[in-house]
1. Sort through C85, C9 and tell me the only one that's surrounded by 11 or more Cβ atoms within 10 Å (Cβ to Cβ) and touching a Gly at 6+ places or on another chain (Cβ under 7 Å).
2. Does I32 count as modelled with pLDDT of 90 or more, of a type in the set (A, V, I, L, M) and assigned to a loop (DSSP other than H, G, I, E, B)?
3. If you take the residues in region 23-58 that are under 29 Å from N2 (Cα atoms) and among the hydrophobic types (A, V, I, L, M, F, W, C), which one is surrounded by the fewest Cβ atoms within 10 Å (Cβ to Cβ)?
4. In region 64-82, which residue that is out of contact with any helix residue (DSSP H, G or I) (no Cβ under 7 Å at 6 or more places or on another chain) and on the phi < 0 side of the Ramachandran plot is surrounded by the most Cβ atoms within 10 Å (Cβ to Cβ)?
5. Taking F52 and the conditions (1) at pLDDT 85 or above; (2) in contact with a helix residue (DSSP H, G or I) (Cβ under 9 Å, 6 or more places away or on another chain); (3) not aliphatic (A, V, I, L, M), which numbered condition does it fall short on, given that it satisfies the others?
6. Looking at V108, V61, which is the one that is surrounded by fewer than 11 Cβ atoms within 10 Å (Cβ to Cβ) and either assigned to a helix (DSSP H, G or I) or within 15 Å of the chain's Cα centre (by Cα) (or both)?
7. Taking region 37-55 on its own, how many of its residues are part of a helix (DSSP H, G or I) and out of contact with any Gly (no Cβ under 9 Å at 6 or more places or on another chain)?
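The values are calculated or read from the model by the stated rules, or taken from the named source; none is laboratory data. Source: prediction; values computed, not measured. Neighbour counts run over all protein chains shown; Cβ positions are idealised from the backbone, glycine included.
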Amino acid sequence: MNIILSALCMVSGLSMVFASIALINGQLLPSILGGFYEAVPSPMLRTLVGCFTLILAANYVIAKGYMFGGQAYGGPLYVVSVIGCMITMALLVDNLSWNWHLTGGVMVFCLGALWVVHGLSQG
């Protein structure tokens, strides 16, 4: 159960990081946050807003993920979550579809993470 909570914390924390990047670029929910983007046109001010809201919350949630899973599971889960979130963002931003190359790549990095966890638990 702790591993599942750790994985959920890692994925939600990294989702907040990528949402913060979209907020800074002015692309996070433009129909809802359009008034905010007009009121704060400067990317520097949006960076400050993103740092004190989403990124601060993301750091807290990721730290909770490490607390639930420990370092042995938290590290590999963080790496898998980062790569998974990056693939998802790339697919969404570039409006691409899933293909067999991505399936092979995801399987390789998940198996690598499992190998690291298994090696750490044996040592």
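1. Going through C85, C9 in turn, just one is surrounded by 11 or more Cβ atoms within 10 Å (Cβ to Cβ) and touching a Gly at 6+ places or on another chain (Cβ under 7 Å): C9.
2. For I32, the condition - modelled with pLDDT of 90 or more, of a type in the set (A, V, I, L, M) and assigned to a loop (DSSP other than H, G, I, E, B) - is met.
3. The residue in question is F52.
4. Checking each candidate, the answer is G75.
5. Result: F52 passes all but (2).
6. Of the residues listed, the single one that is surrounded by fewer than 11 Cβ atoms within 10 Å (Cβ to Cβ) and either assigned to a helix (DSSP H, G or I) or within 15 Å of the chain's Cα centre (by Cα) (or both) is V108.
7. 13
Conditions (1) in contact (Cβ under 8 Å) with a residue 12 or more places away in the chain; (2) hydrophobic (A, V, I, L, M, F, W, C), marked per residue:
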| position | (1), (2) |
| --- | --- |
| M10 | yes, yes |
| V17 | yes, yes |
| L23 | yes, yes |
| L29 | no, yes |
| S42 | no, no |
| C51 | yes, yes |
